[in-house]
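Please read the structure below before turning to the comments.
Nothing in this text is a laboratory measurement; each read-out follows from the coordinates by a stated rule. Because the structure is predicted, anything quoted here is derived from the model rather than measured. Neighbour counts run over all protein chains shown; Cβ positions are idealised from the backbone, glycine included.
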Amino acid sequence: MKTCVGKKQMRIGQLSLLAGACLLWSGLLMPAMLSAAPAISAGYVQARGTQLAIEITTGSNPPASAILVQQLPPGVKILASQPGFSNYDARRNQAKWLLRQLNTGKSTVTITLDRAVSADEISAEIRFKPQQGGKMTTIQVKK
């Protein structure tokens, strides 16, 4: 009888150790898995006409800075933008914004063009390095 009770207690002890190990591993891995989600997401609020608007959403652990790259059709010029762009390459039809000191939440980049464009003529991406370190990440701005 003692042997049977001893074996049951041993099995319960082994299960408790296994459950504890699972909880420990999930406690260690879950934050890493949660931080694997992009620190930034972005989508066009307005993707046609003479006004473009990109809404950028940053999570609770935003990168220190990001680069927004807007591709435009040949010959289209930017009349104004808020914030102002950092660089414009007319040969590549590409404008870039260096977005610094990003805060958690939403922000918008607005662009006024000299002629109307359609959504299929434009594209944009955001490049950033996660705050925890790692390699440069590029995400496409959703239409």
Quiz prompt | Enumeration of residues in the range 53-82 that are closer than 27 Å to P130 by Cβ and touching a Leu at 6+ places or on another chain (Cβ under 8 Å) | solution = I54, I56, T58, P62, P63, A64, S65, A66, I67, L68, Q70
Quiz item: Does P62 meet the test of being part of a loop (DSSP other than H, G, I, E, B) and in contact (Cβ under 8 Å) with a residue 24 or more places away in the chain?
Solution: yes
Self-check item: Complete set of residues in the range 113-142 that are touching a Ser or Thr at 6+ places or on another chain (Cβ under 6 Å) and surrounded by fewer than 14 Cβ atoms within 10 Å (Cβ to Cβ)
Solution: A116
Quiz item: Across the range 77-121, what is the total count of residues that are assigned to a loop (DSSP other than H, G, I, E, B) and without any contact (Cβ under 8 Å) to a residue 40 or more places away in the chain?
Solution: 10
